Amino acid sequence: METKKNIFLGFMRTSSAYLQIDARAEGVQLPDYLMGERSVVLQLGYNMSVPILDLVVDDAGIRATLSFRRQPFACVVPWRAIYGISDGKERAVFPEDAPPDLLDERPGGETRTPPAVPTTTTTTPTTPSKKPRPSHLKLVK
């Protein structure tokens, strides 16, 4: 669990983090319409368009009030419910915590990791992209 926590906090330092979770796992608290889903993606960040003022990251997991359909909800996500963490560029996958019905059994007993982007996703609102700042340097010939 400490590894997941460190990866999550590392992604949060540089951007937002996307958590791929099994909403059916014990201890998860999400809006009712998400609770039966095997794959839910939550976006958390320090600079979200809807600020997360009560983010708590500890040894038990992550707690925060997130916005769903423009309604706040106090979420609880234990570490064991998280099977993927991404910053949109890099990702860490924890197949041992992935829902068994999400893993695709292959001949010979091999399994593949969960997809990077599941078919059913839910995210909190994202921050609109900002225009790049012009350089303060000028080319002088």
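The values are calculated or read from the model by the stated rules, or taken from the named source; none is laboratory data. Model, not experiment: these values are computed from the prediction. FYI the Cβ positions are ideal-geometry reconstructions off the backbone, even for glycines, and counts take in every protein chain you see.
Any residue at all in the stretch 7-24 that is surrounded by fewer than 19 Cβ atoms within 10 Å (Cβ to Cβ), at pLDDT 95 or above and assigned to a loop (DSSP other than H, G, I, E, B)?
Yes, the stretch 7-24 has at least one match.
Scan the stretch 58-80 residue by residue and report those that are of a type in the set (D, E, K, R) and closer than 16 Å to residue 27 by Cβ.
58, 59, 63, 80
I'm trying to understand the selection: among the residues of the stretch 18-44, which are in contact with a Ser or Thr (Cβ under 7 Å, 6 or more places away or on another chain) and farther than 13 Å from residue 97 by Cβ?
Within the stretch 18-44, 18, 34, 37, 40, 41, 42, 43, 44 meet the criteria.
For the list (1) at pLDDT below 95; (2) among the hydrophobic types (A, V, I, L, M, F, W, C); (3) closer than 17 Å to residue 48 by Cβ, I need the number of the one condition that residue 103 fails.
Exception for residue 103: condition (3).
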